[in-house]
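These notes concern the structure reproduced below.
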Amino acid sequence: MSVEDEKRVKARRRMRGIATFFIVISLIGGVAAIGLFAIGRWELNADSVFETVLFVVGMLVSAVAAWNGSRFAAVFLILLLGLTPALAAMGQAEIEITDIVRSIIYIILALIMLTSAIQYHRLSTQASQPLGGSSVLRWGGKVLMGTVVAFFGFGAGVLVFANNTAVADGSDLSQAHREWLVEREFLLPSEKPLYYYLDGLFSIDEGGTLLTDEYVGAWWQEDGTVESVWLKLGQICRVDTLSEGSAFADAIYSVHGPGDDNWVQLWLSIEDNMHKRLIAQMNLLNGRKMRSEIQMFCDENRPIDWTEVAAKNGISPDIVGSEDIKQEHIDWLFENEFLLSDERLMQFYSYGTYAISEGGSLLTDQYFGGWYKSGGEIESVWIEIGSICRIDPIETGRDAETDRYLLSGLDDAWIKLSLPAAGDQSEVLVDQARAMNAEQMTQETRQSCDDAENASKTE
């Protein structure tokens, strides 16, 4: 036997000897895992099964392919042996020193196997000798391990480019995602995002969940359009857990408001238990905001009748005149300087449910306007009677229980007012305002209004 042939045989023996060692180790590991599970010493869960199968099968397949002369299998085995402690460190699991030492020894052996395989291939090629072993196992191992590598490559790409795979704190919401939510009115400027979860892989419009300090809801794609459902905090009656979730599936919660048709389903990743924080925060805020009037509808399992709620708090659902308005409401208007001592109250309406401070409209003999809450503060807008150019109906309010009107004045002054949709009270009030305005409007003001309208038409 020549010197070169002797080197080739020694390289093959080292390669196959180490490969045999890893085959034995993988088989022992698989049998041990099955045995521990059988005697109840191993708690079976999705994560541990996935890691064990990946490690044992990956070692066995790569060792068999390496025994048959695959250099790629040796490289794969080195990556696999280094991956296990790396995953443990990423998961912040406790790593024993013996695990580190064993991994280092295994990696050194795999490196020797790789160098032996490279040497064996080189010497066989120079001597025009066949590699020996099974080419089917060699190439089959390559295909299988290539698939695994591609899978992990895809996973790495997801980590780099995809949406966060876990429920995240609202402070981590990106500017682009915030703008998308605001554009669709899923997040209002006055709201603070607390937790969110994007269950779409690469795009926010695929679906997600959002909890703010005011609402909780979810959106999803249906027939190419984005659909959504939202519940206001303080109006949630119960939360049902439909699925606890796993490493491969989201936890599912069904959140119910009053009535049978008032609910939203939340799909949440269980990673780092952030889904439990979202649910706990939602329940905490809902409990703080829940009022006895709403709890009554929860107990009776019927949709909220806001007219009934308002009536319990002394607020009329109708427009009322000076004779019918309550003294406490007149006092509130004076206190906030919405009604002055030299003014005469004509018509009053509040769309508030717990207090008139939530919003309303007022017509006096001098002004037409209204007030609303913004950021916890009461804001108001008014146009003087005699300087209103137009009063036009606009889109119906969100709750479909109010009609909205746009009052346009000079110098780009404008107001949007909400009035009750039921009956013809709103039309009567608006007609009264138009008549009073026309009576007090000067010829100069009327001409200025006409000029402004003509100018807007030509622009």
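A quick yes/no check of all residues on (1) of a type in the set (D, E, K, R); (2) touching a helix residue (DSSP H, G or I) at 6+ places or on another chain (Cβ under 8 Å); (3) in contact (Cβ under 8 Å) with a residue 60 or more places away in the chain:
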| position | (1), (2), (3) |
| --- | --- |
| Gly386 | no, yes, no |
| Leu406 | no, no, no |
| Leu410 | no, yes, no |
| Asp431 | yes, no, no |
| Glu439 | yes, no, no |
Scanning segment 436-459 residue by residue, those modelled with pLDDT of 90 or more and over 14 Å from Arg390 (Cβ atoms) turn out to be Met436, Glu439, Gln440, Thr442, Gln443, Glu444, Gln447
| request: Tell me, please, whether a residue that is under 33 Å from the mean Cα position of the chain (by Cα), in a loop (DSSP other than H, G, I, E, B) and on the phi > 0 side of the Ramachandran plot can be found in segment 400-423. | output: yes
Going through segment 244-272 in order, the residues found to be loosely packed, with under 13 Cβ neighbours inside 10 Å and out of contact with any helix residue (DSSP H, G or I) (no Cβ under 7 Å at 6 or more places or on another chain) are Glu244, Asp260, Asp261, Asp272
Of (1) touching a Phe, Trp or Tyr at 6+ places or on another chain (Cβ under 6 Å); (2) modelled with pLDDT of 90 or more, Trp219 fails just (1)
Log entry, pairs with first residue in segment 347-360 being assigned to a loop (DSSP other than H, G, I, E, B), second being among the polar types (S, T, N, Q) and modelled with pLDDT under 90, beta carbons closer than 6 Å, six or more apart or on different chains, reads Tyr351/Thr402; Tyr351/Ser418
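Listed here are the residues, each with its yes/no results for (1) modelled with pLDDT of 70 or more; (2) within 15 Å of Tyr106 (Cα to Cα); (3) surrounded by fewer than 21 Cβ atoms within 10 Å (Cβ to Cβ).
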residue: Arg13; (1), (2), (3): yes, no, yes
residue: Ala33; (1), (2), (3): yes, no, yes
residue: Trp42; (1), (2), (3): no, no, yes
residue: Phe55; (1), (2), (3): yes, yes, yes
residue: Trp67; (1), (2), (3): yes, no, no
Of the candidates Trp371, Trp382, the one satisfying the condition of being buried (at least 19 other Cβ atoms within 10 Å of the Cβ) and either farther than 16 Å from Leu407 by Cβ or of a type in the set (Phe, Trp, Tyr) (or both) is Trp371
Flagged in segment 428-459 as surrounded by 12 or more Cβ atoms within 10 Å (Cβ to Cβ), of a type in the set (D, E, K, R) and within 51 Å of the chain's Cα centre (by Cα), in numbering order, are Asp431, Arg434, Glu453
Among residues of segment 340-367 being surrounded by fewer than 22 Cβ atoms within 10 Å (Cβ to Cβ) and hydrophobic (A, V, I, L, M, F, W, C), the residue farthest from Thr402 (Cα to Cα) is Leu340
Scanning segment 301-352 for residues that are acidic (Asp, Glu) and in contact with a Ser or Thr (Cβ under 8 Å, 6 or more places away or on another chain) gives Asp324, Glu343
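The values are calculated or read from the model by the stated rules, or taken from the named source; none is laboratory data. Predicted, not measured: the structure shown is a model, and the values here were computed from it. Neighbour counts are summed over all protein chains in view; Cβ atoms, including those assigned to glycine, are modelled from backbone coordinates with ideal geometry.
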